[in-house]
Amino acid sequence: MNLTDAPDTSGFIQRSNSLSGSVYDAIFAQLMSLKIAPGSRITVDNLVRELNVSQTPIREALGRLEGEGLVVKTHLIGYSAAPQIARRRFDELYQLRLLLEPDSAARAAAAMDKEKLAALQTAAGMMGRREDTDERLRYSTFARQDALFHDKIMEIAGNELIRETLNHQHTHFHIFRLMFHSRVTEEALDEHEALLAAFAAGDAAGAERAMRIHLERSRDRLLPAFE
Ligand SMILES: [Zn+2]
């Protein structure tokens, strides 16, 4: 992949921003789709050759990915992909989500208004788009958008501590890395629709139920990754 082929007409600063963003997206997509296997070494020189860019944007991207829990930097050794989430941690994560997210969905439904609903519908609608031709990029984009959608619900629910707690787990990055499969994304879209319908109706009990079902199904879709 040659990132410098990206069309650009908009001046140096914009260009360097978009280059740095493209490098980040490319490495993120490789991590999410397991092209860079969990736990494996990441060599800056290899990425320099593969992406045909200098070390600077690659180091920037790796630093950002480290902050997101996807990359680990070890003294004197360098970068590696974070190890795959363990089964026990996975179970704990879904227990935590099931405790917090259905209740938050009910609170969000109670606090819903036109603007908030429109913002959620936009966030959910982004996930249905299939404009990326690269399947890896599409999958990794979905993971990020699902994280934003769920975070938006937590924001509307209004408890910042719950929102921060869930954000710090980088849940979506870890769970989506378990399995690279379109089923993981397609089935989630229908479940999000059910959630949006409950929000649109201001139905707190319905939103709570829809979120619980979504999380339970999401967990069950990913469980085969441990077999
Ligand atoms: Zn979701």
Practice task
Looking at (1) open to solvent by less than 60 Å² (accessible area, probe 1.4 Å); (2) touching a Ser or Thr at 6+ places or on another chain (Cβ under 9 Å); (3) modelled with pLDDT under 95, find the lone condition where Arg163 falls short.
Solution key: (3)
Exercise for the section: Answer yes or no as to whether Ala29 is part of a helix (DSSP H, G or I), open to solvent by less than 60 Å² (accessible area, probe 1.4 Å) and in contact with a Lys or Arg (Cβ under 6 Å, 6 or more places away or on another chain). Expected result: yes
Problem - Residue match in the range 106-118 (condition: acidic (Asp, Glu) and loosely packed, with under 15 Cβ neighbours inside 10 Å) - result: yes
Practice task
Taking Pro57 as meeting all but one of (1) touching a strand residue (DSSP E or B) at 6+ places or on another chain (Cβ under 6 Å); (2) open to solvent by less than 20 Å² (accessible area, probe 1.4 Å); (3) over 17 Å from Lys35 (Cα atoms), write down the number of the exception.
Solution key: (1)
Exercise for the section: Restricting attention to the range 179-227, report how many residues are touching a Leu at 6+ places or on another chain (Cβ under 6 Å), farther than 15 Å from Ile153 by Cα and open to solvent by less than 20 Å² (accessible area, probe 1.4 Å). Expected result: 1
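So, Ala205, is that one more than 10 Å from the ligand (Cβ to nearest atom) and touching a His at 6+ places or on another chain (Cβ under 8 Å) or not?
No; evaluated as a whole, the condition is false for this residue.
So which of Leu51, Leu76, Leu70 ends up being under 17 Å from Phe173 (Cβ atoms) and among the hydrophobic types (A, V, I, L, M, F, W, C)?
Sole residue among the options that is under 17 Å from Phe173 (Cβ atoms) and among the hydrophobic types (A, V, I, L, M, F, W, C): Leu70.
The values are calculated or read from the model by the stated rules, or taken from the named source; none is laboratory data. The structure displayed is predicted, hence computed values, not measured ones. Using ideal geometry, Cβ is built from the backbone for each residue, glycine included, and neighbour counts are taken over all protein chains shown. The protein model used for the area step is the full one, side chains on, heavy atoms only, and it has no ligands, DNA or RNA in it. Shrake-Rupley method; radii C 1.70, N 1.55, O 1.52, S 1.80 Å.
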